[in-house]
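Take a look at the structure set out below.
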Amino acid sequence: MAQFNVEGRIIGDGQPCFIIAEIGANHDGDMVRAREMIGQAAEYGADAIKLQLYTAGELLADPLREVTYGAEDRRVTDQIGTMFDKLVVPREACEDLFDYARTLGLIPFATPFSPEGAAHLGGIGMPLFKVAASDLCYFDMIDEIARWGKPTILSAGKCTLAEIDLSVSHARKAGINGLGLLHCVAQYPAPHAEMKLSTIPVLKSLYPDCVVGLSDHSIGIASALGAVALGAKIIEKHVTYDKDAPGPDHWFSADPAEMALLVREVRALEAALPGVRQGVLECELSERQTSVRSLVTARALKAGEVVTRADLKAVRPGTGIHPADQEKIIGLRVPRDLAANHVLSWADFK
């Protein structure tokens with residue numbers, strides 16, 4: 001059974017799905033906004049919030065490269081270094097944001113993008129690490145993460161199975177105790193036709209010690225629900241305060257109303273999944289009595305008459321002899337008068 005413990009919360013098999021509100025870059029570089037989004041996450045029922053801790057210098061050799069992003073009717077072109085610089089979470093802001101999240105019952109954590117970022121997060125007591133798909137085999141950073149002795153989630157996107165295996169093996173050897181592994185389609189947004197959700201049970205089979213889930217960049221909640229139905233125990237979803245806000249990620253992220261729906265539907269799905277039907281369910285007992293067919297007299301019968309096929313009909317309610325037993329009573333004599341539309345029972349033939 002794959003599980004790990006984060007601040008007293010057991011995550012994994014046999015537990016409710018761990019739902020992460022990925023704030024990512026959607027705070028717009030405004031820490032007041034980030035705090036507001038943490039409050040929203042608590043209101044719609046997320047289990048955790050996640051930030052990203054990076055600088056353009058940690059990520060890029062070509063900060064002047066131009067990137068284009070946004071919905072088709074609102075495309076924006078910017079230099080990638082300038083874009084990242086506008087969306088930085090200052091390192092000194094992390095601890096305050098994490099403390100605030102904890103007061104709301106949320107588990108706070110972040111994705112570092114360098115060993116130095118991982119060291120900073122470890123130093124302020126972050127309870128859980130996330131490695132982005134882009135850094136799945138960034139072993140220097142994974143080694144630094146391992147030094148802090150915390151569970152770690154690996155995002156497996158834009159990678160080969162061999163690279164997933166390398167990363168999981170390295171994380172184990174580095175001493176990380178408690179691994180999560182998220183299937184991820186690293187396109188923004190990810191097309192539903194490319195989601196390949198059947199990867200989830202495959203990952204669960206290949207890595208039985210890892211808590212498997214989905215890092216979902218698709219639009220809507222269909223893929224997240226499908227992932228839960230296939231066994232995902234972690235769902236990470238980018239969130240925004242407004243899909244129409246300017247910025248690279250807002251337009252494909254889930255707003256508070258969509259996240260509230262996601263949380264409700266995941267919990268409903270979790271209630272619906274367990275167990276295998278082995279007969280009539282308790283909730284069906286009333287319907288079985290009122291809506292299933294029984295054998296009923298098609299006409300009035302006199303005492304001593306022999307029952308023929310023409311004397312029977314199968315109609316509701318379901319409190320009498322089962323229609324499948326019809327052949328057992330054809331040819332029997334009725335010991336007493338029976339009215340038309342009499343619901344037959346075995347006592348009628350004694």
Most fluctuating residue of GLU116, GLU22, GLU236 in a GNM of the chain with Cα springs under 10 Å: which is it? GLU116
Taking amide hydrogens as modeled 1.01 Å from N in the peptide plane, which residues meet the under 5 Å criterion relative to LEU53, leaving out close sequence neighbours? THR111, PHE113
Just one of (i) 19.8, 63; (ii) 21.7, 86; (iii) 29.6, 100 is Rg and Dmax of the Cα atoms in Å calculated from these coordinates, so which is it? (iii)
Which residue fluctuates the most in the chain, going by a Gaussian network model with Cα springs under 10 Å, if the choices are LEU332, LEU261, LEU59? LEU332
Other-chain or far-sequence residues with amide H under 5 Å of PHE129's (modelled H): THR152, ILE153
Per-bin percent of Cα-Cα distances, the stretch 59-125 [5 Å]: 3, 13, 19, 17, 15, 13, 13, 7, 1
Alpha-carbon centroid distance for the pair the stretch 240-265 / the stretch 1-72, whole angstrom: 12 Å
How much net charge surrounds ARG35 when only the other residues with a Cβ under 12 Å from the Cβ of ARG35 are counted, with Lys and Arg +1 and Asp and Glu -1? -3
Net charge of Cβ neighbours under 11 Å - reference PHE349; Lys, Arg +1; Asp, Glu -1: +3
Once fully extended, how much extra length lies between ASP244 and GLN278, figured as 0.36 nm per residue of separation less the alpha-carbon to alpha-carbon distance? 7.3 nm
State the volume of the convex hull built on the alpha-carbon positions of the stretch 6-62, expressed per residue in Å³ and rounded to an integer. 122 Å³
For ARG293, the accessible surface traced by a 1.4 Å probe with all protein chains present amounts, in square angstrom to the nearest 10, to 130 Å²
Under a 10 Å cutoff between Cα atoms, tell me which one of VAL239, VAL202, VAL266 has the largest fluctuation in the Gaussian network model of the chain. VAL202
Note: LYS173 to SER345 extended length (0.36 nm per residue) minus current alpha-carbon separation gives 54.9 nm
Rounded to the angstrom and largest first, Cα extents along the principal axes for the stretch 265-336 equal 60, 18, 18
Mind listing the phi-derived Karplus ³J(HN,Hα) values for the stretch 219-229, rounded to whole Hz, using 6.51, -1.76 and 1.60 with θ = phi - 60°, and x for any glycine or proline? 8, x, 10, 4, 5, 4, 5, x, 5, 4, 4
Computed [θ] at 222 nm, deg cm²/dmol, the chain (DSSP H ≥ 4; -39,500 (n - 2.57); rounded to nearest 500): -9500 deg cm²/dmol
Debye-sum result for the stretch 1-97 in log10 I(q)/I(0), which assumes one identical scatterer on each alpha carbon, at q = 0.13, 0.15, 0.22, 0.23 Å⁻¹: -0.63, -0.78, -1.12, -1.16
Judged on accessible area alone, 1.4 Å probe, highest first, GLU72, GLU284 line up as GLU72, GLU284
Heavy atoms of SER205 accessible to a 1.4 Å probe, total area in Å² rounded to 10: 90 Å²
Run the accessible area of the stretch 119-179 with a 1.4 Å probe and give the carbon-and-sulfur part as a rounded percent. 50 percent
Determine the sum of side-chain charges near LEU59: Lys and Arg each +1, Asp and Glu each -1, restricted to other residues whose C-beta is under 13 angstrom from that of LEU59. -4
Round to the nearest 10 and give me the degree value, 0 to 90, for the angle of helix 91-103's Cα axis relative to the longest principal axis of the chain. 30 degrees
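The values are calculated or read from the model by the stated rules, or taken from the named source; none is laboratory data. This one's a predicted model, so the numbers in the text were calculated from it and none came from an experiment. Cβ coordinates were reconstructed from backbone atoms using ideal geometry, including for glycine residues, and neighbour counts include every protein chain displayed. All accessible areas refer to the heavy atoms of the entire protein, side chains included, with ligands and DNA or RNA removed. Shrake-Rupley method; radii C 1.70, N 1.55, O 1.52, S 1.80 Å.
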